[in-house]
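**Student:** Before I ask anything, here is the structure I am working with.
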Amino acid sequence: MSAAHVPSEPTPPAEAERAFEEAGLSAREREAARDVLAGATAEGSARRLGVSASTVASYRRRACEKLGCEGVRELRERFSPDEPAASLVAPDAPDVLRELGLGETEARVLALVAAGRSTAQVAEELSVAPGTVSAARAHGYRLLGIHAREELAAALSPEGLGRLLERAEELRAGADEPRSPWPRRVYVLVCVLVLVAGLAYEVAFHLVLSARIGRYFEMVWAWLLCVLARPLAALGAAQLAGLAIGRHVRRRAWPWRRVVLACGAVVAAYALLVTFVVHVLPSAAYAVLASAIASGAPVLLALAVGLALGVSVAVALRQRGRPRA
């Protein structure tokens, strides 16, 4: 019971009162925010205000939104007198973070967050949107394998920066280590074989037509040309183009695994669609979809999938051998 006790009139710092006034908090939202700074629980604040705990939570949430805080924890850190000092963050912490793969803005955001700044303060100091600050912080947390501000402050302190420097050295060593060219060569060979197979079928199709084999065989071969051969040729050519483009992509956080999985799902869905059209649909619907397939839609689909695959594989090959963060 004593832990939930709240003074009748919590007195927050003058800075907090000015911030409440500038943010336009209502009377109830101010009281809920004052209770947060006084260390009150939601139940204790609800008893003092004569409302339910869920109502107090609503007041707190709206107060945090108006103040630019992500929650009561950040609200306390923002107006707490024992806020961690910026001197606890090593001066060269942003440089080490950039060596680990973070951008300039992301490194500065993490350094300011570790120094105790709130989302709104970081956004104002760097002249960026609060959403940019949140995204940069989330990316940095994932890269460093941490989950809280305290862990970030410990990692960027002069004592913890040594471990980050070791990790940066490992990344540089992995980047400088020579890699075997065979994975890229095998991938290029597979793409060339796919392209040649599609073109070879195109040539064989025209040779068969010129030989005037039966009408039924002409229709089957024409269908396979539109559904399989031309998309294969487009897929091989697009992957080679994507591989060349991907070698110049500078983005380190490219989600190449998700792209490859998405392309595989698209190809599987296309194969199911073709099977459904051929074996299930009645003749009228079959004629409509067959004309749509013959119009070149599979080729466009293959070009898009091939480009995405080529770029993703190029990025994956470039990152091969680097130690995980």
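The values are calculated or read from the model by the stated rules, or taken from the named source; none is laboratory data. If you're wondering where the values come from, they're calculated on a predicted model, not measured in any experiment. Reconstructed Cβ throughout: ideal geometry from the backbone, glycine too, with neighbour counts over all protein chains shown. Side chains included, ligands, DNA and RNA excluded: accessible areas come from the protein's heavy atoms. Shrake-Rupley method; radii C 1.70, N 1.55, O 1.52, S 1.80 Å.
**Student:** Which count do you get for residues in segment 122-159 that are free of Cβ contacts under 8 Å to residues at least 60 places away in the same chain and buried (at least 18 other Cβ atoms within 10 Å of the Cβ)?
**Tutor:** Total meeting the criteria: 8.
**Student:** Residue 220 passes all but one of (1) open to solvent by less than 60 Å² (accessible area, probe 1.4 Å); (2) at pLDDT 75 or above; which number fails?
**Tutor:** With (1) open to solvent by less than 60 Å² (accessible area, probe 1.4 Å); (2) at pLDDT 75 or above applied to residue 220, the lone miss is (2).
**Student:** Yes or no: residue 31 within 19 Å of residue 15 (Cβ to Cβ), out of contact with any Pro (no Cβ under 9 Å at 6 or more places or on another chain) and among the charged types (D, E, K, R)?
**Tutor:** For residue 31, the condition - within 19 Å of residue 15 (Cβ to Cβ), out of contact with any Pro (no Cβ under 9 Å at 6 or more places or on another chain) and among the charged types (D, E, K, R) - is not met.
**Student:** Give me the pairs: first residue in segment 266-280 and open to solvent by less than 80 Å² (accessible area, probe 1.4 Å), second residue among the aliphatic types (A, V, I, L, M), beta-carbon distance under 6 Å, and six or more apart or on different chains, which are they?
**Tutor:** 266/305; 274/227; 277/289
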